[in-house]
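Everything below concerns the one structure shown next.
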Amino acid sequence: MNPIKITDANFDEEVLKSEIPVLIDFWAVWCGPCKLIAPIVDELAVEYAGKVKIGKLDVDNNQNVSIKYGIRSIPTLLIFKDGKIVDQIVGAVPKSHITEKLNSHISQTVS
């Protein structure tokens, strides 16, 4: 399972209307730190399949969403739940940091 390609066009449908939490990786081709966390994001897409939707948004080609959410430095990871941002991670961080944040939002969805 690969991360979903998120664009300005499909953002509302894939992210805001999602029934499960969504992690979006805001990245760009020229961004060194983005390349460092790309394999982590790919792993998370497999590990969290069905529990969290994992997507990647290229900030150069999708500026509307990037501007709307004030993305100023990349990589930035935003976690959405019920159409709202519930967490934010900026910079290349260890996988454990990301999974800790994701797990805190998944556990809240179990009823």
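The values are calculated or read from the model by the stated rules, or taken from the named source; none is laboratory data. Predicted model only: the values in this text are computed from it and were never measured. Note: ideal-geometry Cβ built from the backbone for every residue, glycine included; neighbour counts use all protein chains shown.
Sort through Ile79, Ile74 and tell me the only one that's at pLDDT 95 or above, within 13 Å of Ala92 (Cα to Cα) and not in a helix (DSSP H, G or I).
Numbers: Ile79 fails: within 13 Å of Ala92 (Cα to Cα).
Just a single option satisfies the conditions, and that option is Ile74.
Could you look through the stretch 1-13, keep only residues that are over 11 Å from the mean Cα position of the chain (by Cα) and closer than 16 Å to Tyr69 by Cα, and pick out the one that is surrounded by the most Cβ atoms within 10 Å (Cβ to Cβ)?
Taking the stretch 1-13 as the starting set, the residues that turn out to be over 11 Å from the mean Cα position of the chain (by Cα) are 1-2, 7-13.
Now narrow it down to the ones that are closer than 16 Å to Tyr69 by Cα: 7-12.
Numbers: Thr7: 15, Asp8: 15, Ala9: 11, Asn10: 15, Phe11: 21, Asp12: 12.
Only one residue tops the list, namely Phe11.
Step by step: first the residues of the stretch 14-34, then only those that are among the aromatic types (Phe, Trp, Tyr) and not in a loop (DSSP other than H, G, I, E, B), then the one that is farthest from Ile67 (Cα to Cα). Which residue is that? Full working, then the answer.
Initially, the stretch 14-34 is screened for residues among the aromatic types (Phe, Trp, Tyr), giving 26-27, 30.
Those still in the list that are not in a loop (DSSP other than H, G, I, E, B) too: 26-27.
On the way: Phe26: 11, Trp27: 13 Å.
The qualifying residue farthest from Ile67 (Cα to Cα) is Trp27.
Report, ordered by the first and then the second residue, all pairs with beta carbons closer than 9 Å, sequence separation of six or more or different chains, a first member in the stretch 60-79 that is among the acidic types (Asp, Glu), and a second member that is surrounded by fewer than 21 Cβ atoms within 10 Å (Cβ to Cβ).
Every condition considered, the pairs that remain are Asp60/Ala28; Asp60/Val29; Asp60/Trp30; Asp60/Ser66.
When the stretch 54-70 is examined, which residues are found to be small (Gly, Ala, Ser) and touching a strand residue (DSSP E or B) at 6+ places or on another chain (Cβ under 6 Å)? Show your work before the answer.
First, the residues of the stretch 54-70 that are small (Gly, Ala, Ser): 55, 66, 70.
Correct list: Gly55 only.
Report whether or not Asp87 is touching a Lys or Arg at 6+ places or on another chain (Cβ under 6 Å), outside any loop (DSSP other than H, G, I, E, B), of a type outside the set (A, V, I, L, M) and surrounded by 15 or more Cβ atoms within 10 Å (Cβ to Cβ). Steps first, please.
On the way: touching a Lys or Arg at 6+ places or on another chain (Cβ under 6 Å): yes; outside any loop (DSSP other than H, G, I, E, B): yes; of a type outside the set (A, V, I, L, M): yes; surrounded by 15 or more Cβ atoms within 10 Å (Cβ to Cβ): yes.
For Asp87, the condition - touching a Lys or Arg at 6+ places or on another chain (Cβ under 6 Å), outside any loop (DSSP other than H, G, I, E, B), of a type outside the set (A, V, I, L, M) and surrounded by 15 or more Cβ atoms within 10 Å (Cβ to Cβ) - is met.
Which residues, taken from the stretch 60-84, are surrounded by 19 or more Cβ atoms within 10 Å (Cβ to Cβ) and closer than 18 Å to Leu36 by Cα?
Residues satisfying the conditions are Ile74, Pro75, Thr76, Leu77, Leu78.
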